[in-house]
Amino acid sequence: MINSSVENINKLESWVMASRPKTLLAAFVPVLVGSAIAYNDGMFQPAASTVALLCAVLIQIGTNWVNDLFDFLSGKDTDQRVGPTRVLASGLISVKEMKVGIILIFTLTFVIGLYLVYTAGWVLLLIGILSIIAGIGYTAGPYPLAYNGLGDIFVFIFFGLIGTVGTYYVQSLQVTGFVLWASIPVGALITNILVINNFRDIEEDRTSGKQTLAVKLGRRFTQIQYLIFMILSYLVLVVVFFTFKQSVFVFLPILTLPLSIKLIKMIYTLQGEALNKTLELTAKLSAIYGVLFAIGILI
C-alpha cells in the first residue's frame, strides 16, 4: 500500500529518491581530492578521473538500493521511520523492480570500470570487485556490515582510503604519503554522515535489531566519535602543510570551522527527527571541506 504522502510521486522520481541524492556528495569528494593531488604531482588524467567518479557514484547508488531492499525484506524499514522516506516501505518500487535495478547498476559499474583496469592494471579489477561486494555486503548477506557495528569502518576505508588513493592511483600508478594523509579527513567527514544517521536512528535501530556501532556503544560514544572525526580532519591539515605542501592555501578548509562547531552543538543538543537537518549539514560540510581542500592543493 502506498503511503498517501508519496502517492503522487512517479516512477522516475521514486528511483531518484531511492538513490538518496543528498548522500552522493560523498562519492565526489574522494575523487576530487585524489585528482587534485594527481594534478599537483603533474599526473592528472581527465579520462581516468571521470571514469573513477562515475564508478564511485554508481557504486554508492547501488549500495543505497541494496540497503533499501534488504532493510525492507528484513522488516527493519517501515513507513513510520524517522528518517527520509524509503521507496520499498512506501510501496513506490516493488521488490522485483529493485532487484533488477541493483543487478543492472552493478553490471554497468563493472563494465565501465574495465576502462580503469585497462589503463591501471589488474589491481583496479580487484579493487572494483571488492567495492561492489562491499556495497552489497553493507546491508545484505549472512553478516551485514552496517548492522554488526562495521559500517563506520567500511565507510572510512572505501570512501576515504580506497576512494581517494584509488583515484590518485588510476592516474599516477603509484601511492604517496601525501594522498594517504589526504584520505584521512575525506574518510572521517564522510563517516560522520553515517555517524549522525545512526545517532538519529539509535532507538529505532535498537528496536528493529540493527546492531550499529551507535547501538552497541551508546549515545555518548557516538557523540565523542563524531567530535574526534571533526578534530582529526583539521589536524591533518597541519601534517599536510609541514610534510607535503608548504602553502597556506591547504588551510582553506578551516573556513568550514564555524559550521563544524555548529554541528557539534547540534549532536549534543538534538535528538530524533530534529537531527535530519544535522545529517544534511554534515553531508554539506564534507563536500565544502573537500572542495576547499582540493582548491588548496591546486593553488
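For the reader, a short list of remarks on this structure follows.
- Convex hull projection area averaged over all views, region 7-58, Cα basis, nm²: 4.1
- Pairwise centroid distance, computed over Cα atoms, of region 120-187 with region 27-49, Å: 16
- Bridging of residue 210 to lysines at a Cα separation below 19 Å is possible for 76, once same-chain residues fewer than 8 apart are set aside.
- When the chain is treated as a Gaussian network with alpha carbon springs shorter than 10 Å, the biggest mean-square fluctuation among 152, 205, 41 belongs to 41.
- Each of 181, 65 has some number of other Cβ atoms within 10 Å of its Cβ, and from fewest to most they run 181, 65.
- Taking all pairs of distinct alpha-carbon atoms in region 130-247, Kirkwood radius in angstrom: 15.3
- Residue order, fewest to most surrounding Cβ atoms within 10 angstrom, among 260, 14: 14, 260
- In order along region 87-104, the Karplus-derived 3J(HN,Hα) couplings, from 6.51 cos²θ - 1.76 cosθ + 1.60 at θ = phi - 60°, round to 6, 6, 4, 8, x, 7, 10, 7, 4, 4, 4, 5, 4, 5, x, 5, 4, 5 Hz, and Gly and Pro are given as x.
- Rounded tilt (10° steps) of 213-243 against the dominant C-alpha axis of the chain: 20
- Expressed in units of 2.2 N^0.38 Å, where N is the residue count, the Cα radius of gyration of the chain is 0.99.
- Taking 26 Å as the limit for the C-alpha separation, the pairs 96/216; 11/99; 99/277 exceed it in the case of 96/216; 99/277.
- Against the chain, whose longest principal axis is taken from its Cα atoms, helix 257-269 shows a tilt of about 30°.
- Between helix 122-137 and the chain there is an angle of about 30 degrees, using the helix long axis and the longest principal axis of the Cα atoms.
A short reminder: the numbers here are calculations on the coordinates, not readings from a lab. Remember, it's a predicted structure, so these values are computed and weren't measured experimentally. Here Cβ is always computed from backbone atoms with ideal geometry, including for glycine, and neighbour counts include all displayed protein chains.
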